[in-house]
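Take a look at the structure below.
The values are calculated or read from the model by the stated rules, or taken from the named source; none is laboratory data. This is a predicted model, so every value here is computed, not measured. Heads up, the Cβs are rebuilt from the backbone with ideal geometry, glycines too, and the neighbour counts pull from every protein chain shown. For the accessible areas, the whole protein counts, side chains as well, though only heavy atoms, and no ligand, DNA or RNA atoms are used. Shrake-Rupley method; radii C 1.70, N 1.55, O 1.52, S 1.80 Å.
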Amino acid sequence: MMTLKVCPSLLLLFVVHSVWTRTVRQVYNELDPEHWSHYTFECPQECSCPPSFPNALYCDNKGLKEIPAIPARIWYLYLQNNLIETISEKPFVNATHLRWINLNKNKITNNGIESGVLSKLKRLLYLFLEDNELEEVPAPLPVGLEQLRLARNKISRIPEGVFSNLENLTMLDLHQNNLLDSALQSDTFQGLNSLMQLNIAKNSLKKMPLSIPANTLQLFLDNNSIEVIPENYFSAIPKVTFLRLNYNKLSDDGIPPNGFNVSSILDLQLSHNQLTKIPPINAHLEHLHLDHNRIKSVNGTQICPVSIAVAEDYGLYGNIPRLRYLRLDGNEIQPPIPLDIMICFQLLQAVVI
């Protein structure tokens, strides 16, 4: 493998796990209607309560089998890495200010979630239920949620209308579950008008999911069995910027002539597929991952989004293609890189071959 002209700036703004939403610090700095001094500083004996962070309750890694009573002052609740099987209403009776609950790595099942308990947490913004034993998306959910993380469960079913009222949700993570194409209906994501990141990687999809919310910026579909990109698929999600389709079964025949020639896409990842040639790309694309396919040669004249003559005339000051990173290792391409590649993509900072 050979890398040409590697530059540290390639690590630019890859905020894969950081969606454009309020940070924890911003939530913490919100003006609360009641002053903290109005609360007594009780702390469940199973947990720890740092005086420097009075609205946080740390009950993680305690071997807990049930959720303790949550004091009224708590905004941030950490319950990860326990043995909790149920979520009942009783512990949350006084916890009317909760913004954040981390229940990752427990033993929670759908039957263990008391009916309506989650939707009663009116101020909840972040709900983490990764690495549990859920078989479907829990419902109903708090209408104000901004992030819902359900990765690494056993989810094979998404109840009808479960997302219909979640207008503030910006991030939905369902990766590494048991979702089939039949689980994603045309109205599954209806109502997610603010969604910016959707992660359905590591499931069992054979088709591109239907009716992705129009505002989606990041779409992650790695490690599925997708073979075909429908014609004009991305016209329904005109803002998509980061697209990951690594480890699928895409071939040349499964991609429409201009399937990825989409001006909004800046980062396109098609590693570990079955492509024998580089698909047409848009001049706005900045990062292209095509490693570990079946590509034998690269022709800059063919893949250049503009004519080579035009690209050469534009020089460094014109509207030339913006590709900065090109990864082609794991194919059957032999160096050196053709000169017309460098002429076309004059902003290239690294080529891996």
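Values for this structure:
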read-out: Qualifying residues in segment 284-303 (those that are modelled with pLDDT under 95 and in a loop (DSSP other than H, G, I, E, B)) - the one surrounded by the most Cβ atoms within 10 Å (Cβ to Cβ); value: V298
read-out: Selection count, segment 326-335, where residues are outside any loop (DSSP other than H, G, I, E, B) and surrounded by fewer than 22 Cβ atoms within 10 Å (Cβ to Cβ); value: 1
read-out: Residues within segment 193-250 that are at pLDDT below 95 and hydroxyl-bearing (S, T, Y), tallied; value: 1
read-out: Total residues in segment 223-259, condition free of Cβ contacts under 8 Å to residues at least 40 places away in the same chain, under 19 Å from L285 (Cα atoms) and open to solvent by 40 Å² or more (accessible area, probe 1.4 Å); value: 7
read-out: All positions within segment 39-62 that are part of a loop (DSSP other than H, G, I, E, B) and under 30 Å from the mean Cα position of the chain (by Cα); value: F53, N55, C59, D60, N61, K62
read-out: First in segment 49-67 and under 16 Å from I101 (Cα atoms) and free of Cβ contacts under 8 Å to residues at least 40 places away in the same chain, second anywhere and open to solvent by less than 20 Å² (accessible area, probe 1.4 Å) and of a type in the set (K, R), Cβ under 8 Å, 6 or more apart; value: P54/R73
read-out: Test: residue in segment 140-151 that is over 18 Å from the mean Cα position of the chain (by Cα) and within 25 Å of K65 (Cβ to Cβ); value: yes
read-out: Selection within segment 80-124 - touching a helix residue (DSSP H, G or I) at 6+ places or on another chain (Cβ under 8 Å) and either closer than 24 Å to F41 by Cβ or among the basic types (K, R) (or both); value: L98, R99, W100, K120, L121
read-out: Close pairs (9 angstrom Cβ cut-off, 6 or more residues apart or separate chains): under 15 Å from L210 (Cα atoms) and among the charged types (D, E, K, R) in segment 172-197, in a loop (DSSP other than H, G, I, E, B) and open to solvent by less than 80 Å² (accessible area, probe 1.4 Å) anywhere; value: D181/S204; D181/L205; D181/P209; D187/G161; D187/S164; D187/S211
read-out: L83 vs. criteria of a type outside the set (K, R), in contact (Cβ under 8 Å) with a residue 12 or more places away in the chain, touching a Gly at 6+ places or on another chain (Cβ under 7 Å) and open to solvent by less than 10 Å² (accessible area, probe 1.4 Å); value: no
read-out: Subset of segment 21-68 [open to solvent by 70 Å² or more (accessible area, probe 1.4 Å), modelled with pLDDT under 95 and in contact with a Cys (Cβ under 9 Å, 6 or more places away or on another chain)]; value: F41, E42, E46
read-out: Total residues in segment 260-270, condition open to solvent by less than 30 Å² (accessible area, probe 1.4 Å) and either in contact with an Asp or Glu (Cβ under 7 Å, 6 or more places away or on another chain) or part of a helix (DSSP H, G or I) (or both); value: 1
read-out: Within segment 189-207, tally of residues that are assigned to a loop (DSSP other than H, G, I, E, B) and closer than 14 Å to I155 by Cα; value: 6
read-out: Flag if Y78 is open to solvent by less than 50 Å² (accessible area, probe 1.4 Å) and either of a type in the set (S, T, Y) or under 27 Å from E133 (Cβ atoms) (or both); value: yes
read-out: Matching residues, segment 164-212, being small (G, A, S), open to solvent by 70 Å² or more (accessible area, probe 1.4 Å) and within 17 Å of E136 (Cβ to Cβ); value: S182
read-out: Boolean, V306 is open to solvent by less than 60 Å² (accessible area, probe 1.4 Å), assigned to a loop (DSSP other than H, G, I, E, B) and modelled with pLDDT under 90; value: yes
